[in-house]
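Peer 1: Below is one structure. I have some questions about it.
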Amino acid sequence: MKRCIKSEYNIGIINLQVNNGAMSLLSPRLLKVLLLLVLAFIILQYSYTTIFEARRIDPLFIVNSSLLARNQFFFMKNRSNYAINKNSVSWTSDGAQMTNALLVDATASQNLASQQTYSSNELCPLIPPNLLGPIKPEKDAPATLEELEHELEAIGALPPSDGQWRPSYCKARDRVAIIIPYRDRAHHLNIFLKNIHPFLQRQQIDYGIFVIEQAGYGMFNRAMLMNVGFVEALKFREFDCFIFHDVDLLPEDDRNLYTCPDQPRHMSVAVDSMKYRLPYSDLFGGVSAMTKSQFELVNGFSNMYWGWGGEDDDMAARLKSVGLHISRYPNNIARYTMLSHRKEKANPKRFEILYSGRKRIKEDGLNSLQYRRLSLIRNRSLTWVLVELAVPS
Ligand code: BGC
Ligand code: MN
């Protein structure tokens, strides 16, 4: 007589009891296959959310989509040479494939459309009507600034002077200084400018681009350059919002509005080189936005971070210490492409400086900033400030 052997399998919370008749069916091999299937399912689901999250339709899209449709109609009727092919502006499915030609048309048409719709002393609409949603950044640009400015001019996106532009057909809601700490990245800068001008103009922002270059070959001090940018930009005019921007980051979605909300905003939430994931919740590097008063409240950035890393974490701690908190757009909107470059050598002292950072807020920052302006170049696509930073003794 066959003995009936009962076997138990413990798989997590599932407890299987089978007799030896079913043993052959639930052999260890079969269990392995089952586990592999579950694993494959989890991986599939994960890739689905990462790949398709960016394409999700959100309310802003729907609002914009109807506004854009209206403008497209306007153009097809009035300026056939500027007409946008409605089918190619399919945000949810083809957004990321948007071509440059389309961007050019859209920029030109936006200027025309908006002139017809608003009067110059009326506030621009809360949601800019000509946004494209997801866009594919251009990763190529001419080698010289002169050529680049020709290109921008050809698409009607070259500012009249100093890298400063504002919509002429409505009153912009924000006056934004874009501050770019810089050294030795000429090609990246041209690519950045090529992308950012049409982008900000579609957002109907009153803005200025300030490139702050550190002279010499000493250790780079990103934070100090941003402090300099803040001071120098305010010599031009009363900006109320400051966006500190790495030159190698290109926004992938123009719903990521370059404005300053009530709380400081970390803009570069999802960067391709970081697999579109935020590495930690206090990250404030890459691209970040603060109002003039928020920046002054924390005495700007610390001037003590020479070499890569830490200065943004220090700012995050400063913001926290005055009761502000970091806000963010969702990561299907706040997406960026990073241009490739050599990895910088991290400052080994950054944790130490960071640790004692809080104690220094009042005396280390805007009020202790020392630099010498070596030159000021005012081009149509940017204002360029070359500075020598004072190294503490
Ligand atoms: C550095 C930050 C940097 C972050 C992400 C941190 O270790 O301190 O400055 O932004 O890594 O790369
Ligand atoms: Mn980088």
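The values are calculated or read from the model by the stated rules, or taken from the named source; none is laboratory data. Not measured: the values here are computed from a predicted model. Note: ideal-geometry Cβ built from the backbone for every residue, glycine included; neighbour counts use all protein chains shown. Quick note on the areas: whole protein, heavy atoms, side chains included, nothing else; ligands and nucleic acids left out. Shrake-Rupley method; radii C 1.70, N 1.55, O 1.52, S 1.80 Å.
Peer 1: Run the simple label-point estimate for K343 and V391 please: 7 Å along Cα→C-beta, distance reported in nm.
Peer 2: About 2.6 nm separates the two model spin labels.
Peer 1: Could you state the principal axis extents of the C-alpha atoms in the range 329-389, from the largest down, to the nearest angstrom?
Peer 2: So the three principal-axis extents are 41, 39, 27 Å.
Peer 1: Mean shadow of the range 249-369, computed from the convex hull of its alpha carbons, in nm²?
Peer 2: On the way: hull surface 30.5 nm².
In nm², the orientation-averaged hull projection of the range 249-369 is 7.6.
Peer 1: What's the local net charge at M219, with K and R +1, D and E -1, over the other residues with C-beta under 14 Å away?
Peer 2: Details: positive: R183, R222, K345, K349, R350; negative: D184, E311, E344, E388.
That works out to +1.
Peer 1: Now for a separate question. With Cβ to Cβ distances under 12 Å as the rule, what net charge do the other residues near V271 carry (K, R +1; D, E -1)?
Peer 2: Details: positive: K275, R277, R335; negative: D246, D248, E252, D272.
For residues surrounding V271, the net value is -1.
Peer 1: Figure the gain on full extension for S356 and S327 (residue separation times 0.36 nm, minus the Cα-Cα span) and round it to one decimal in nm. Mind dumping the intermediate values first?
Peer 2: Working: separation 29, 0.36 × 29 = 10.44 nm, distance 2.49 nm.
Contour length minus the Cα-Cα distance gives 8.0 nm.
Peer 1: Moving to a separate point now. Placing unit charges on C-beta atoms (Lys and Arg positive, Asp and Glu negative, everything else neutral), compute the dipole magnitude of the range 196-298 about its Cα centre in debye, rounded to 20.
Peer 2: Dipole magnitude for the range 196-298 comes out near 60 debye.
Peer 1: Would you mind checking K171/K292; K136/K345; K136/K275 for any pair whose Cα atoms are more than 23 angstrom apart? List each step's numbers first, then the result.
Peer 2: On the way: K171/K292 20 Å; K136/K345 30 Å; K136/K275 16 Å.
Beyond 23 Å: K136/K345.
Peer 1: So if I take the centroid of the Cα atoms in the range 261-339 and the same for the range 157-233, what is the distance between those two points in Å?
Peer 2: 17
Peer 1: Mind giving me the FRET efficiency for D272 and E138? R0 is 25 Å, r the Cβ-Cβ distance, nearest 0.05 is fine. It would help to have the intermediate numbers written out before the result.
Peer 2: Working: r = 15 Å, r/R0 = 0.59.
About 0.95, to the nearest 0.05.
Peer 1: Can you pull the percent of the range 333-393's accessible area that's carbon plus sulfur, 1.4 Å probe, other chains left in place?
Peer 2: Numbers: 2230 of 4260 Å².
Within the range 333-393, the accessible surface is 52 percent carbon and sulfur.
Peer 1: Just to compare against my own numbers: the Cα pair-distance distribution for the range 231-278, 5 Å bins, whole % per bin, please.
Peer 2: 5, 15, 24, 23, 17, 9, 5, 2
Peer 1: Now, a different point. State the percentage of accessible surface on the range 147-261 attributable to carbon and sulfur atoms; use a 1.4 Å probe and exclude ligands, DNA and RNA.
Peer 2: Details: 1650 of 3300 Å².
The value for the range 147-261 is 50 percent carbon and sulfur by accessible area.
Peer 1: So, one more: Just the accessible area per residue of the range 221-261, please: how many Å² with a 1.4 Å probe? Kindly include the intermediate steps, with their values, before the conclusion.
Peer 2: On the way: 740 Å² over 41 residues.
With all protein chains present, the range 221-261 gives 18 Å² per residue.
Peer 1: A follow-up question, please. Applying a 10 Å radius around every beta-carbon, put 258-268, 239-249 in order of their mean neighbour count, most first.
Peer 2: On the way: 258-268: 19.7, 239-249: 23.0.
Averaged packing, sorted descending, gives the order 239-249, 258-268.
Peer 1: Hey, another quick one. Send over a whole-number figure in Å² for the accessible area per residue of the range 127-177, probe 1.4 Å.
Peer 2: Working: 2290 Å² over 51 residues.
Ligands and nucleic acids excluded, the result is 45 Å² per residue.
Peer 1: Jot down the radius of gyration and Dmax of the range 164-295, Cα atoms only, both in angstrom.
Peer 2: Taking only Cα atoms of the range 164-295, I get Rg and Dmax of 14.4, 45 Å.
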